[in-house]
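The block underneath contains the structure these notes are about, expressed in C-alpha cells.
The values are calculated or read from the model by the stated rules, or taken from the named source; none is laboratory data. Being a predicted model, the structure only gives us computed values, none of them experimental. Note that we place each Cβ from the backbone using ideal geometry, even for glycine, and neighbour counts take in every protein chain shown.
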Amino acid sequence: MSVEQIAAPDSLKPASETVCFHCGLPVPPGSTYHASVLGADRPMCCPGCQAVAEAIVENGMSDYYRHRTEPGARPTDDLERVLEEMAVFDRPEMQKSFVANRDGDIREASLILEGIVCAACVWLTERHVKQLPGVVSFSVNFSTHRAQVTWDNRAVSLSEILRAIAAIGYRAHPYDPNRQDRVFKRERHVLMQRLAVAALVYLQVMMISMSLYFGDYLGINDQLRYFFWWMSLILSTPIVFYSGQAFFRPAWRDLKQKQVGMDLPVSLSIILAYSGSVWAVVTNTGHIYFDSVTMFIALLLGGRLLELSARHKAGEMSEALTRLVPAVAHRLEPDGSVSVIPAFDLVAGDRVLIRPGDAIPADGVVQEGESSVNAAMVTGESVPENKYAGAALVAGTINLESPLVMTVEKVGQDTMVSSIVRLVDRAQSQKPKIAEIADRFARKFVIALLAITASVTVAWLIIDPAKAFWVAVAILAITCPCSLSLATPAAIAVAVGRMTRSGLLVTRGYAMESLARATHVVFDKTGTLTDGRLSLQRVEPVADFSADELLCWAGSLEQQTEHPVGRAIVWAAQQQGALLPVTEVQNYPGRGMQGRVAGRRIAVGNARLLQEIGVAPPPQTGEHTDLAVLIVVEDAVAGIMTLSDNLRPDAQEALQGIRDLGLTPVILSGDQPERVTQMARSLGIEAARGGLLPAEKLAYVHELQEGGAVVLMVGDGINDAPVLAQAQVSMAMGGGTVIARHSADIVLINDQLQQIPFGLRYARRVLGNIHQNLWWSVAYNVVAIPLAALGLVQPWVAAIGMSLSSILVVGNALRLRRD
C-alpha cells in the first residue's frame, strides 16, 4: 500500500477530492496549508495537522508515514486551550492520586493516550517522548492505549511531557491505578504462585499414588512401598505449607472472629489427613492420604482464582463511572477572565464556561448560550438534548455545538454521576435470595460436619481409642467436599466455553443459575432492541419538489455540522449522489441550520427554527413517534424527513423465542414514551415504559423482584449500569459501553439477540446438570459418612471413593459440551 493510499482510506475519499496527508480528512477549498513530507509537498487540512506533520519531520521521524496503516488523528481545533489545561497536572494536589514518587525526584505515572490507531503511532510517541531530557522511560501498550512514563522532575515536568505528546497529534490523560487494582494484582500473583506449586507437585504425587494402588494388587515389597511413602511426604509438604495457606489463614481469621466458614473444615481435613499421613510414614503404620490432600488443594485454588477475577471485574465499574467527569473546569472569574482549575475545586454558585466538545464538570443550570448536549450517559438515547437558558446540565454529559455558561449547583458526591455510582454499589451489595440461602446452608453444613466428626471421634475413643484418630480422618477425607465443590464449577466451566462459542461471554459463573430461573427479560430500547444509530427512514415532499432533490439539498447543508441528526442526513444523501456546495451558512444550535444550496435558500431543522425564521409550520397530520426534521425551501416548508434508530433484524425472532420459553419480555427506556409504546406494540410486548431515569428503572426492577420475579436485564448504556447490577442476572450488548459490560454478568459479544433464547435454554440444561451433580454428591456422602463412622472404610478406599466421586461429577459436566 502506498503512502498516499494510507493517508486516507478509500471509504473516506469523495470522488476527485483532495485529502489531508496527515489525518485523511477532506482539504477545504482554498486551503493553503501544506508540509514537506518524504520529499514531497503534502496538502494539509488545517494548521493543526500542518504543525504536527512539521514536528514529526523536524524530529527525524518521517518513517512514521512510511509504516503507518491508518491515517493519524486530527489535532484538536484549539490546541492552545489543551496546552493551557495541561499545566494543571503539575500541581501536587492533582498528582497525589496518580503519580508515584520513586527515588528522590524520580516520578512515575500511568497515562491513557487518545489517537492511537496503529503500531506506528506507538513507535512515534515512544520515540518522541524518550527524546525529552529528563524522561527515564516511556512505553505504550497498543492493546490498552495505556502508557507508563518515568521522569526526573528536576529536568522535565509532567505538563511538558503531555505537551510533547500533544505536539505530535495525540492526547494524554493521567490514569489513576487505584488501590483496589494494586491489591487485586498482588492477590492474583500470590494465588497463581500457590496454584502453580499445587498443580505441578500434585501430578507427581498422583503418579506415585497410582503406583501404590496397583502395587496392592500386583504385589509390591514393603521397602519400595515405604520409599514411595517418603517421596509422597516430601512432595506434598510444599503444597500443604505453602499452597494451603490460602485456606489456613482465612480459617484462622474466622476463628478469631468467632465465625465458622467453609475454610475451616477444608483446613481441618487437610491438616488431619496430612498429619495422619506423616504419622503413618514416620511410624510405618496405617495409611497415607497425600494424593487426596494435594488434589483437593489444587482444585480449590483454581476455583479461588476464578472467583477473584470475577470480584475484580465487579469492582471496576464505579471507578469507570467516576472518570466520566473531567479533571479540569474553566471557571469564569468576576473580572471576566477564565481560570483553569481542578473540577473538584468548584463550589455551588460558580460560573463555568463549557466549550464545544467539553464534558460538563458538575451538575448545574445553563445561564447563557444554547447548544445540543449528548446526554446518553443519563438517558441512554442517541438523540442529543437541546439546552438553553434555564435548562439543567448533568456532569459527564458532552456539549456538542456552541459554548455554554453554566451556574454550578451540585458538585462531588451530590452529582448525578455520583448518585449512579451509589446505586451501582448498593445494587451489588444486595445479594439475591438464592445466594443468601446458599450461605445459610453452607454454614449449617460446616457446623453439622464438625459436630458429626467430633461425636464419632468421642464414641471411638470409648470403643477403641486406637481407631479414633483414623476414623476422624476417614470421615473428613471421605466427606471432603471435593465433589460438592466441583458440582457447580465443573458444569459452569464447561458451559462458559460452550456459550462463548455461541457469542455469549459469561463473566460471572453464578449468573448461569439465575439465568436458568429467569421469569422476566427486561430490555433497554436504544442500542439493545435497536442498533442505536439514527438513520433516515423517509422523505415526504409537501411541495413541488422530489424527495431526491430535498434530500440532496438537506444533506449538502448538513455537511457543516457534527450533530448526529445531521450526520445521518448527510450519510443518506451521499448514498444517493454527490453533494452540492453551500454558502451563507447559519447555525442555530438546538434548532437547525440555514444556507444557500444551488442558489436556493434552504433551512433544515425543527419547529422552533421555523418560528425563528418566520416560516409557517405544516399542519399536523397525526401522531409522530419518530424524529421529524423539516425542510424549508425559500419561505415555505417543502418536506418532512423522518429519522429513527433501526430495530435489530433478529429482535422479533428473539422475543418470540423468549415467549416460547414462558418468560415475560419488558421494555424500560429513557426514550420518549410514545416511541417506546409504538415499538412495544410492533414487537408484541405488553409491558413497556418510556421516559425513565436510571433510578426509575432500578425501582421498576426492584418492584418486579419483590413480587418474586427473577429478572434478566439486557442493556448497553451507562445509564443501565445500576439496573444491570440490581437484576439477578444481567446481559450487556458487546457493542455497548465499557461500563455496561463491566456491570453485566454476560456479554452478548456479537450483538445477536437470537442468542438470548439459546442462552436461556442452555442455562436450564446446565442447572439440571448441576442438580444431578449435587444429588450424586449428597447421596455419596449419605452412604459414605455412616460407613466411615462405623470404621468400615479403609484409608485407601476413602481416597479412591473421593476421587471417583469427583471424576463422576466432572464426567457428567463434560456432557454439556454436546449441543
Mind counting the residues in region 568-605 that are within 25 Å of Asn399 (Cα to Cα) and in contact with a Lys or Arg (Cβ under 6 Å, 6 or more places away or on another chain)? 3
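Take the residues of region 243-265 that are assigned to a helix (DSSP H, G or I) and over 34 Å from the mean Cα position of the chain (by Cα): which is modelled with the lowest pLDDT?
Step one: of region 243-265, the residues assigned to a helix (DSSP H, G or I) are 243, 245-256, 263-265.
Imposing the further condition that a residue be over 34 Å from the mean Cα position of the chain (by Cα) reduces the set to 252, 255-256, 264-265.
Working: Trp252: 76, Leu255: 71, Lys256: 61, Leu264: 71, Pro265: 65.
Across region 243-265, the extreme among qualifying residues is Lys256.
Of the residues Leu224, Leu203, Leu235, only one is among the hydrophobic types (A, V, I, L, M, F, W, C) and at pLDDT below 80; which? Reasoning before the result, please.
Details: Leu203 fails: at pLDDT below 80; Leu235 fails: at pLDDT below 80.
None of the others qualify; the one that does is Leu224.
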Any idea which residue in region 353-387 is modelled with the highest pLDDT, counting only those that are aliphatic (A, V, I, L, M), within 23 Å of Ile667 (Cβ to Cβ) and in a loop (DSSP other than H, G, I, E, B)? Ala375
Looking at (1) modelled with pLDDT of 75 or more; (2) more than 18 Å from Tyr170 (Cβ to Cβ); (3) of a type in the set (Asp, Glu), which is the only condition Asp10 fails? (1)
Between a residue in region 579-602 that is surrounded by 18 or more Cβ atoms within 10 Å (Cβ to Cβ) and any residue that is among the acidic types (Asp, Glu) and part of a loop (DSSP other than H, G, I, E, B), which pairs come within a Cβ distance under 7 Å, given they are 6 or more apart or on different chains? Pro589/Glu370; Pro589/Glu401; Gly590/Glu370
Out of curiosity, is Gly715 touching a strand residue (DSSP E or B) at 6+ places or on another chain (Cβ under 7 Å), modelled with pLDDT under 85 and either under 25 Å from Asp751 (Cβ atoms) or in the same structural domain as Gln656 (by TED's automatic domain parsing) (or both)? yes
Just the residues that are of a type in the set (Gly, Ala, Ser), in contact (Cβ under 8 Å) with a residue 40 or more places away in the chain and surrounded by fewer than 19 Cβ atoms within 10 Å (Cβ to Cβ), please, taken from region 185-214. Ala199
Candidate set from region 495-524 (those that are at pLDDT below 85, of a type in the set (S, T, N, Q) and surrounded by fewer than 19 Cβ atoms within 10 Å (Cβ to Cβ)); member that is farthest from Leu627 (Cα to Cα): Thr500
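If you take the residues of region 525-578 that are aliphatic (A, V, I, L, M), in contact with a strand residue (DSSP E or B) (Cβ under 9 Å, 6 or more places away or on another chain) and part of a loop (DSSP other than H, G, I, E, B), which of them is surrounded by the most Cβ atoms within 10 Å (Cβ to Cβ)?
Initial filter on region 525-578 (aliphatic (A, V, I, L, M)): 529, 534, 536, 539, 542-543, 547, 550-551, 554, 557, 565, 568-570, 572-573, 578.
Pick out the ones that are also in contact with a strand residue (DSSP E or B) (Cβ under 9 Å, 6 or more places away or on another chain) and you get 529, 534, 536, 539, 542-543, 547, 550-551, 554, 557, 565, 568-569, 572-573.
Next, from what is left, pick out any that are part of a loop (DSSP other than H, G, I, E, B): 542-543.
Working: Val542: 16, Ala543: 14.
The residue in question is Val542.
Does region 661-676 hold any residues that are surrounded by fewer than 18 Cβ atoms within 10 Å (Cβ to Cβ) and either closer than 20 Å to Val723 by Cβ or modelled with pLDDT of 85 or more (or both), and which are they?
Here is the first cut: in region 661-676, the residues surrounded by fewer than 18 Cβ atoms within 10 Å (Cβ to Cβ) are 661-662, 664, 672-674.
Within region 661-676, Leu661, Gly662, Thr664, Gln672, Pro673 meet the criteria.
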